[in-house]
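Enquirer: Before anything else, here's the structure in question.
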Amino acid sequence: MSFLTLTHLEKSFGANRVVKDFNLSVEKGEFISLLGPSGCGKTTVLRMVAGFETPTAGGITIDGRDVTSLKANSRNIGMMFQAYALFPNMTVADNVAFGLRVKGVPRAERDARVAEMLALIGLSEMGGRFPFQLSGGQQQRVALARALAPRPSVLLLDEPLSALDAKVRVSLRNQIRQIQQDLGITTIFVTHDQEEAMSISDRIVVMNGGVADQVGAPFEIYNRPRTKFVANFVGTLNTFEVRVTDPATGRVALAGQDLTLPDAPLSARTGETLTVALRPEALRLGRLADAEALLPAKVTDVHFMGSVIRLRADVAGTDVSLDTFNRPDTPPPTVGSMIEVSLSGRDFIQLRA
Amino acid sequence: MTRFFAWGTFLLGCLFFALPLIGMTEFSLKMRRGEYSFDAYRRVFEDQRFWDTFSYSLILAAATIVVGVLLVVPTAYWVRLKLPQARPVIEFITLLPLVIPAIVIVFGYIRLYNTSSFLPLTGSALGTDILLTMGYTTLALPYMYRSVDTGLRTIDVATLTEAAQSLGAGWITILSRIILPNVMVAVLSGAFLTLAIVLGEFTMAALLNRPAFGPFMQLLGANRAYEPPALAVIAFAITWGCMGLMQLVTRFSKHERAKA
């Protein structure tokens, strides 16, 4: 049995159904991200797990115990908030010790745990400071230590990196992942940042309109999105109209070139038009030996992003994005120039509505 | 020209407020014929009734502050956290004491809690003191509520509450260890205003026949010439002292935060 289960979870605010029949099983020690746009219900799911919202229907179990109607302060859950939520009237050490003090942990043990937690986040020297004397990144690390100090069964992270600058964000998310793996704590992370979710999660739940559109490992979510929404929300996508030539073998035609799609047999009939998608990095610049098709394209825009160059080009009447690595000895194509683009049917993604 | 008129109006305003005070202070110093002295102040301080009524009012002010904090902090907190839609109603209710005269409130109390009522509070000195404390709490409600509400506005009440809850804290712990310490400056502001109101209040204390500072000031004013203005200056000094303390506490708090 899974460590944390959410079964047929529903939440309505008046007539507004925010979460609809949401199901999720999380294994012990797993890092799950709830990813989706604003208003998709991801934070509401997290808040129901935390006990801050009562589900309209459905149930939540943690380690086999039904916690659906349990108060937030009885669930043994650690939480990090976007706005840090450190207690301004307490020092860093007092903040970390708060949960232990509430639980009645003896002073000696409490002090030892606070020292251990501060060492874990690399702020051992800052115990006597007040939150306002710390940077945003330091405050969020203290919030992590505070959440972990009482040894919670589940750690909930409500967009904890959103208020931080890019560099701190990357370093803190790596630190959170490292600590999570070291402690083996089951974690749910809410974010709207796909890169963040993909870089630290064991599995991602992509949410849309209160339902889980797809649950899977980051590789699966990115490379095999099941719905148009997931494909569009996670990464950039190019869509093409192809004509089915043999549904049984998955063969289709694009601008006179034959391609074989990966998910044969196709549900469409011979001669029917199908919309398929391709990631920018699956379109490759130049003539490649292992590619199924080679199409001419006209460059319409060039974005130099350092290690990667993103081109926009007109391929068979479709405006597409394609990524290529920067090579210091080869300048990128110029706008208006003609290029050749290699592609293969196996890289195409078929999308459900 | 505009600047001249602005300064002129400002100076006129200052004179309007300062002249009576200067006049009153000067008069209070003229008890000894032909020279300035603090005789009137000495007389006031030598009067045992001054100390009795002043200490009585101080005790009642402390009780009023405690009751006010216990009533207002949880209420304002709860309204901010769970009932934001009820804020206009609560604000209206807390403003009522400014509209309803104290005499109406005290007659209501006497009628409800007289010796032949179901709760005969006026039958004993302690009971009447309790009644007077409740009356003072009502009078101070608009100031205390606004102070605390302003203080709560400066902190993220909802997130701090949820953070404390996730760490296992119950409502009493959250209120006493998280919310109250973080709105202490606001509570102190409300407390000083309450103190000033209680020290000067006459109607309720007089009609409930309690030995408070307000009735003493009135009694002295009716029978003496130089002591009443001296007492008024003392009362002013106490009130301004309270205001000054309020400013100090606020500035100290700002300074502490600015150090970041």
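Enquirer: Tell me which of these A:ARG169 doesn't satisfy, since it passes every other one: (1) outside any strand (DSSP E or B); (2) modelled with pLDDT of 90 or more; (3) closer than 18 Å to A:LEU34 by Cα.
Expert: Of everything listed in (1) outside any strand (DSSP E or B); (2) modelled with pLDDT of 90 or more; (3) closer than 18 Å to A:LEU34 by Cα, A:ARG169 misses just condition (2).
Enquirer: With B:ALA186, B:ALA140, B:ALA163, B:ALA196 as the choices, which residue is within 14 Å of chain A (Cβ to nearest Cβ), surrounded by 18 or more Cβ atoms within 10 Å (Cβ to Cβ) and closer than 25 Å to B:TRP240 by Cβ?
Expert: From the options B:ALA186, B:ALA140, B:ALA163, B:ALA196, the qualifying one is B:ALA186.
Enquirer: May I pose another question? Within region A:196-204, does at least one residue satisfy the condition of being assigned to a strand (DSSP E or B) and at pLDDT 90 or above?
Expert: Within region A:196-204 (the criterion being assigned to a strand (DSSP E or B) and at pLDDT 90 or above), the answer is yes, since at least one residue qualifies.
Enquirer: Looking at region A:69-119, which of its residues are of a type in the set (S, T, N, Q) and more than 8 Å from every other protein chain (Cβ to nearest Cβ)?
Expert: A:SER69, A:GLN82, A:THR91, A:ASN95, listed by residue number.
Enquirer: Name every residue in region A:251-290 that is over 27 Å from A:ILE339 (Cβ atoms) and at pLDDT 85 or above, in order of residue number.
Expert: Answer for region A:251-290, where residues must be over 27 Å from A:ILE339 (Cβ atoms) and at pLDDT 85 or above: A:THR270, A:GLY271, A:GLU272.
Enquirer: Still on this structure, I have one more. Are any residues in region A:58-117 open to solvent by 20 Å² or more (accessible area, probe 1.4 Å), assigned to a helix (DSSP H, G or I), hydrophobic (A, V, I, L, M, F, W, C) and over 13 Å from B:ALA164 (Cβ atoms), and if so, which ones?
Expert: A:ALA93, A:ALA108, A:ALA112, A:ALA115, listed by residue number.
Enquirer: Exactly one condition in (1) among the acidic types (Asp, Glu); (2) without any contact (Cβ under 8 Å) to a residue 24 or more places away in the chain; (3) closer than 24 Å to A:TYR222 by Cβ is not met by A:ASP314; state its number.
Expert: If we test A:ASP314 against (1) among the acidic types (Asp, Glu); (2) without any contact (Cβ under 8 Å) to a residue 24 or more places away in the chain; (3) closer than 24 Å to A:TYR222 by Cβ, just (3) comes out false.
Enquirer: Could you list, in sequence order, the residues of region A:147-166 that are assigned to a helix (DSSP H, G or I) and in contact (Cβ under 8 Å) with a residue 12 or more places away in the chain?
Expert: Hits for region A:147-166 are A:ALA147, A:LEU148.
Enquirer: Could you please give the count of residues in region B:146-160 that are more than 11 Å from B:LEU193 (Cβ to Cβ), within 20 Å of the chain's Cα centre (by Cα) and open to solvent by less than 30 Å² (accessible area, probe 1.4 Å)?
Expert: Here the count works out to 4.
Enquirer: While we're on this one: Within region A:120-146, restricting attention to residues that are farther than 15 Å from A:LEU172 by Cα and not in a loop (DSSP other than H, G, I, E, B), which residue is farthest from the other protein chains (Cβ to nearest Cβ)?
Expert: Out of the qualifying residues, it is A:SER124.
Enquirer: Give the residues of region B:166-181 that are surrounded by fewer than 21 Cβ atoms within 10 Å (Cβ to Cβ), in a helix (DSSP H, G or I) and within 7 Å of another protein chain (Cβ to nearest Cβ), sorted by residue number.
Expert: B:THR173, B:PRO181
Enquirer: From B:LEU245, B:LEU207, B:LEU199, grab the single residue that is farther than 30 Å from A:GLY51 by Cα and free of Cβ contacts under 8 Å to residues at least 60 places away in the same chain.
Expert: Answer to the selection: B:LEU245.
Enquirer: Could I ask something else about it? Being out of contact with any strand residue (DSSP E or B) (no Cβ under 9 Å at 6 or more places or on another chain), free of Cβ contacts under 8 Å to residues at least 60 places away in the same chain and assigned by the TED database to the domain that holds A:VAL45, is that true of even one residue in region A:197-205?
Expert: Yes - at least one qualifying residue is present in region A:197-205.
Enquirer: If you don't mind, another one. Taking region A:331-353 only, how many residues are among the hydrophobic types (A, V, I, L, M, F, W, C), open to solvent by 90 Å² or more (accessible area, probe 1.4 Å) and within 30 Å of the chain's Cα centre (by Cα)?
Expert: 1
Enquirer: Take the residues of region A:28-57 that are open to solvent by 10 Å² or more (accessible area, probe 1.4 Å) and of a type in the set (Val, Ile, Thr): which is nearest to the other protein chains (Cβ to nearest Cβ)?
Expert: A:THR43
Enquirer: Moving to a separate point now. Please enumerate the residues belonging to region A:1-27 that are surrounded by 14 or more Cβ atoms within 10 Å (Cβ to Cβ) and in contact with a helix residue (DSSP H, G or I) (Cβ under 9 Å, 6 or more places away or on another chain).
Expert: The answer is A:LEU4, A:LEU6, A:LEU9, A:LYS11, A:VAL18, A:VAL19, A:PHE22, A:LEU24.
Enquirer: Looking at A:VAL206, A:VAL242, A:VAL234 in this structure, which one is of a type in the set (A, V, I, L, M), within 19 Å of A:PHE22 (Cα to Cα) and crowded, with 18+ Cβ neighbours inside 10 Å?
Expert: When all the criteria are applied, what remains is A:VAL206.
Enquirer: Moving on to the next point. Does A:SER171 meet the test of being assigned by the TED database to the domain that holds A:MET48, under 18 Å from the mean Cα position of the chain (by Cα) and open to solvent by 20 Å² or more (accessible area, probe 1.4 Å)?
Expert: Criteria met by A:SER171.
Enquirer: Further question on the same structure: Search region A:284-308 for residues that are touching a residue at least 24 places away in the same chain (Cβ under 8 Å) and pair each with any residue that is among the hydroxyl-bearing types (Ser, Thr, Tyr) when their beta-carbon atoms are under 6 Å apart and the residues are at least 6 apart or on different chains.
Expert: Qualifying pairs under 6 Å: A:ARG284/A:SER342; A:LEU285/A:THR324; A:LEU288/A:SER342; A:ALA291/A:SER342; A:ALA291/A:SER344; A:GLU292/A:SER344; A:LEU294/A:SER342; A:VAL299/A:SER337.
Enquirer: Does B:LEU119 count as more than 14 Å from chain A (Cβ to nearest Cβ) and of a type in the set (A, V, I, L, M)?
Expert: Yes.
Enquirer: Also: I'm told B:ALA86 meets every condition in (1) surrounded by fewer than 20 Cβ atoms within 10 Å (Cβ to Cβ); (2) more than 29 Å from A:LEU46 (Cβ to Cβ); (3) more than 14 Å from every other protein chain (Cβ to nearest Cβ); (4) aliphatic (A, V, I, L, M) except one. Can you identify the failing condition by its number?
Expert: If we test B:ALA86 against (1) surrounded by fewer than 20 Cβ atoms within 10 Å (Cβ to Cβ); (2) more than 29 Å from A:LEU46 (Cβ to Cβ); (3) more than 14 Å from every other protein chain (Cβ to nearest Cβ); (4) aliphatic (A, V, I, L, M), just (2) comes out false.
Table: residues versus (1) among the polar types (S, T, N, Q); (2) buried (at least 20 other Cβ atoms within 10 Å of the Cβ); (3) within 29 Å of A:ARG113 (Cβ to Cβ).
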{"position": "A:PRO152", "(1), (2), (3)": "no, yes, yes"}
{"position": "A:ASP165", "(1), (2), (3)": "no, no, no"}
{"position": "A:ARG177", "(1), (2), (3)": "no, no, yes"}
{"position": "A:GLY210", "(1), (2), (3)": "no, yes, no"}
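The values are calculated or read from the model by the stated rules, or taken from the named source; none is laboratory data. Note that the structure is a prediction, hence the values are computed from the model and not measured. Note that we place each Cβ from the backbone using ideal geometry, even for glycine, and neighbour counts take in every protein chain shown. The accessibility values were calculated without ligands, DNA or RNA, using every heavy atom of the protein model including side chains. Shrake-Rupley method; radii C 1.70, N 1.55, O 1.52, S 1.80 Å.
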